[in-house]
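Read through the structure below, which is laid out as structure tokens, and then see the notes.
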Amino acid sequence: MSLNAPICTEFTYGQHQVKIESGHIALQATSTAVVTMGDCIIMANVAHRPNSGQDFFPLAVHYSERAYSAGKIPGSFNRREGRPSTREVLTCRVIDRAIRPMFADGFCDEVQVTITLLQNDKTVQPDIAGFIAVSAALALSPMPFQIIGAARVGHVNDELVLNPCLDTLKTSRLDLIIAGTNASYVMVESSAHELTESEIQNAIAYGQEQLQTVITEIKKLSNKAESTKETSAEPEHTPEAAEGDDILDNIQKTFSKQYQNALCIPGKADRNAELGKIRKEIIDRKTVDGNIDDSTVKAIDNAIYIIKKAIIRKNAIQDNKRIDGRKTDEIRPITVLPGFLPKTHGSALFIRGETQALVTTTLSAQDSSAQLLDDITSSIKQYDNFMLHYNMPGYSVGECGQPMSPKRREIGHGELAKKALMGVLPTEKDNFTYVVRVVSEILSCNGSSSMATICGSSLALMDAGVPIKNAVAGIAMGLIKEDDQFTVLSDILGDEDAFGDMDFKVAGTNNGITALQMDIKINGITDEVLKTALEQARVGRLHILEKMNEKIAEPKSEVSSNAPRVVQFSIPVNKIREVIGRGGATIREIIDNFSVTIDISDDGVVKISSDEESNSIAAQEHIESMIKDVEIGKIYEGKITDLLDFGAKVAIMNNKEAFLHISQISHEHVDNIRDELSQGQVIKVRVAEIDRRQNRIKLSMKDVVQ
């Protein structure tokens, strides 16, 4: 079977030439698209299975980077690709968030999207190519999907840059990914170096304008393929659906007032308990002879969802009334407790409403504690000196569950918090030599746990004495939009997130924004909505920072007394071997004698750490004395390490080996060296000669007063 000629489209996008192809490979998949961007090649495959009875949308998105794409063999024992790296998880997560709301309402078929990096380009980040490939593959499928485009926006030399290369991003004040339709944006993810709200809004508008090129080209490709699209994804009106309508009408008439009252109870646990009582009463009324069929229970739960959503949205947009009684721009009560765990290097308990984040900071002086980044696309080993990990156990929301390895959500929330803090961390110029790990334990959650993590992390870093430039706070915003009316909600609860139209997270300092994440569930988000949300988030962020600053306004002047004390200095590269010694014997002896840990880099940077700073300083002085060159004519104290018939081996200057000939012991003749000297004896000697070529030092005791 010969290879089919592909349908394709080509266009210029920023600094790169992009080609989208389909119809020539992976023909058993529902649809496939291959995107070439520069030298980066990514394939997206879609598999589709019609609805088999589920009433939810089972969409799965997977992204993998094959080692061969970068000309490498996996380093694992099996020499196969293993569990997804953090970057792979984050890439599939950001694509999933963008495409999920673009399927038609009511569409419940099973869909799996697989994205594979086939060929790497060291100058191109593969995520934008992956976005394009996925949107094209879904556009070529028979499913009801609204085409999206995606773009990366940088901010370099006060100018916005489309799809900057990796080297350009290193100098950019902004790394923003935006996905959108021809009418609105649907997803934004960014890190920034304290940009203003107007600068962020301009970047979003610029990205939205540029990504229209992608949408236009995918439509061209779709037209060439003459794909047959479903015209509607609405479920058929079956007798079961009719029965569900009757149940909805009945519950609305009988229990609407009870739900209205229950959804005004401020406490989550009390509110859920009351909602549970109402549900039980509804089910009891539908139970006959102790039995109720599953379809009826499903219809009841669906009706309850519709009623709750309608009440929450109506209260917010018409009555300016929220579940817990707050105003739309009001922040929940905040409690800040720095130093919550006094024996850790740094800690803080941050409480906002019913959300609690216990955050700790741990400092390590050893370079080996840094994380080796699992990045097959990099040609060099890269290490991360700052790690931030987010944990959300089941008990934080009152659920049972087996503790498992971090899921996509936990990895994503941790990465968002890390982005928010990266711009304020000390750099090498600040002479801060520690490896830092921050861990956020969500003890209780009712919305905005990732933003609580950012606030708690900032506090814990300052409590540990990490010299961050500014405090960072985060806030989650929501949106209720009906036709032309909209209400922006500050510091949203979990239910407001679930029943709202937008999840908009903003983090930053007093000076500007450091991270932003936005997920839109509806079309038609206008510049007015975005501007309102950004301004309301700014006011909320400043309020939170004020509360944080009341407890700890700046980093402690010194690192925590519980942290290891570090001394850093440099030695000549040609002296490294001398400090390490044969088989590492010398450095092990120093470590044992001074109770320290020592790291020596290839360029001669020495880091010594210990629980007591005096030990580190003493070890530094010892090493510096070791590497000093001996001087001819200078007198040193040395220890005899070995006696020979014709002389003695003497260790001077911290184990530098030198030789004292028998003729240099005294002006008088010495017949037997053992009559004058003994092994282990400490003597004073003068350096008589240095043979640099053979690295020999000759000593003399003549005219040296013992």
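Every read-out reported here was derived from the displayed coordinates using simple, explicitly stated rules and does not represent laboratory data. On a predicted model such as this, the values are computed, not experimentally measured, just so you know. Here the Cβ is made from the backbone with ideal geometry for all residues, glycine too, and neighbour counts use every protein chain on show.
Pairs of Cα atoms under 8 Å, at least six residues apart: use those to get the relative contact order of region 7-225, whole percent. Write out the running numbers ahead of the final one.
On the way: 440 pairs, mean separation 47.6, N = 219.
This gives 22 percent for region 7-225.
What number comes out for the charge environment of Leu211, summing +1 per Lys or Arg and -1 per Asp or Glu over other residues with Cβ under 11 Å away?
Numbers: positive: Arg152; negative: Glu209, Glu217.
Summing Lys/Arg as +1 and Asp/Glu as -1 gives -1.
Place a point 7 Å from Cα of Ala273 in the direction of its Cβ. Which residues in region 338-355 have their backbone N less than 16 Å from it?
Label zone hits: none.
What length, rounded to one decimal in nm, is gained on full extension from Leu169 through to Thr641, with 0.36 nm per residue of separation minus their alpha-carbon distance?
164.1 nm
For helix 126-139, what angle does its Cα long axis make with the longest principal axis of the chain, in degrees from 0 to 90 and rounded to 10?
20 degrees
Determine the distance separating the Cα centre of region 48-100 from the Cα centre of region 456-471; give it in Å without decimals.
Centre-to-centre distance over Cα atoms comes out at 35 Å.
More than 20 Å apart: what percent of Cα pairs in region 239-319 qualify? Let's see the in-between values first.
Numbers: 1098 of 3240 pairs.
Beyond 20 Å sits 34 percent of the P(r) for region 239-319.
Within 10 Å, at most 15 other Cβ atoms, and a DSSP state outside H, G, I, E, B define an exposed site. Report the longest part of the chain free of exposed chymotrypsin sites (Phe, Trp or Tyr not before Pro). Provide the component values of the computation, followed by the final result.
Numbers: sites that count: Phe56, Phe77, Phe646.
Formally, the longest exposed-site-free interval is 78-645.
Provide the gained length on full extension for the span Glu657 to Arg49, in nm with one decimal, where the gain is 0.36 nm per separating residue minus the Cα-Cα distance. Please report the intermediate quantities before stating the final value.
Details: separation 608, 0.36 × 608 = 218.88 nm, distance 7.80 nm.
My answer for the length gained is 211.1 nm.
Can you show me the helix-derived [θ] at 222 nm for the chain, built from DSSP H runs with n ≥ 4 at -39,500 (n - 2.57) apiece and divided by the number of residues, rounded to the nearest 500. Walk me through the numbers before you get to the answer.
Values: 15 runs with 220 residues, N = 706.
-10000 deg cm²/dmol, from helical runs alone.
Taking only the C-alpha atoms, wrap a convex hull around region 565-626 and report its volume per residue in Å³ as a whole number. Walk me through the numbers on the way to the answer.
Details: hull volume 4.1 nm³, N = 62.
In region 565-626, the Cα hull volume divided by residue count equals 66 Å³.
So how much slack lies between Ser76 and Lys309, counting 0.36 nm per residue of separation and subtracting their Cα-Cα distance, in nm? Can you show the working numbers first?
Numbers: separation 233, 0.36 × 233 = 83.88 nm, distance 4.85 nm.
Gain on extension, Ser76 to Lys309, equals 79.0 nm.
Among 603-613, 534-544, what's the highest-first ranking by average C-beta atoms within 10 angstrom per residue? The partial results should precede the final answer.
Working: 603-613: 17.5, 534-544: 19.3.
Listed from highest to lowest mean packing, they are 534-544, 603-613.
Taking Lys220 as the anchor, which aspartates and glutamates have their alpha carbon closer than 15 Å to its alpha carbon, excluding any fewer than eight residues away along the same chain?
By straight Cα distance, Lys220 reaches Glu10, Glu21.
Kirkwood-based Rg over Rh for the chain (C-alpha set), two decimals? Walk me through the numbers on the way to the answer.
Values: Rg = 33.6 Å, Rh = 30.0 Å.
Here the Rg-to-Rh quotient is 1.12.
With axes computed from alpha carbons, what is the tilt in degrees of helix 613-626 against the longest principal axis of the chain, rounded to the nearest 10 within 0 to 90?
Its long axis makes an angle of about 50 degrees.
Compute the acute angle (0 to 90°) between the alpha-carbon long axis of helix 449-464 and the principal axis of greatest extent of the alpha-carbon atoms of the chain; round to the nearest 10°.
Roughly 20 degrees, rounded to the nearest 10.
For Lys469 and Glu550, FRET efficiency with R0 = 25 Å and r from the beta-carbon atoms, rounded to 0.05?
Working: r = 20 Å, r/R0 = 0.79.
Calculated value: 0.80.
Which whole-number percent is the relative contact order of the chain (Cα, under 8 Å, 6+ apart)?
On the way: 1427 pairs, mean separation 68.8, N = 706.
The normalised contact order for the chain reaches 10 percent.
Would you tally the net charge around Pro164, using a Cβ to Cβ cut-off of less than 9 Å, leaving Pro164 out, and scoring K and R as +1, D and E as -1? Spell out each step's value before the answer.
Working: positive: Arg152; negative: Asp167, Asp175.
Counting the neighbours of Pro164, the net charge comes to -1.
Name the residues whose placed amide hydrogens come within less than 5 Å of the amide hydrogen of Leu118, ignoring near sequence neighbours (fewer than 5 apart) on the same chain.
Those lying under 5 Å, H to H, from Leu118 are Ile41, Ile42, Met43.
Give the calculated FRET efficiency between Ile25 and Ala60 to the nearest 0.05, with a Förster radius of 22 Å applied to their Cβ-Cβ distance.
FRET efficiency, Ile25 to Ala60: 0.55.
Place a point 7 Å from the Cα of Leu373 along the Cα-to-Cβ direction; which residues of region 143-179 have their backbone N under 15 Å from it?
165-172, 175
Could you list Thr123, Thr335 in order of exposure, starting from the residue whose Cβ has the fewest other Cβ atoms within 10 Å? Intermediate values should be presented prior to the final figure.
Numbers: Thr123 15, Thr335 12.
Least to most surrounded, the residues fall as Thr335, Thr123.
What net charge do the residues around Val559 carry, taking every other residue with its C-beta under 13 Å from that of Val559, with Lys and Arg at +1 and Asp and Glu at -1? Mind dumping the intermediate values first?
On the way: positive: Lys556, Arg565; negative: Asp430, Asp463, Glu558, Asp611, Glu613.
Result for the neighbourhood of Val559: -3.
Principal axis extents for region 334-551, Cα atoms only, whole Å, descending order, please.
Principal extents (Cα only, largest first): 57, 39, 38 Å.
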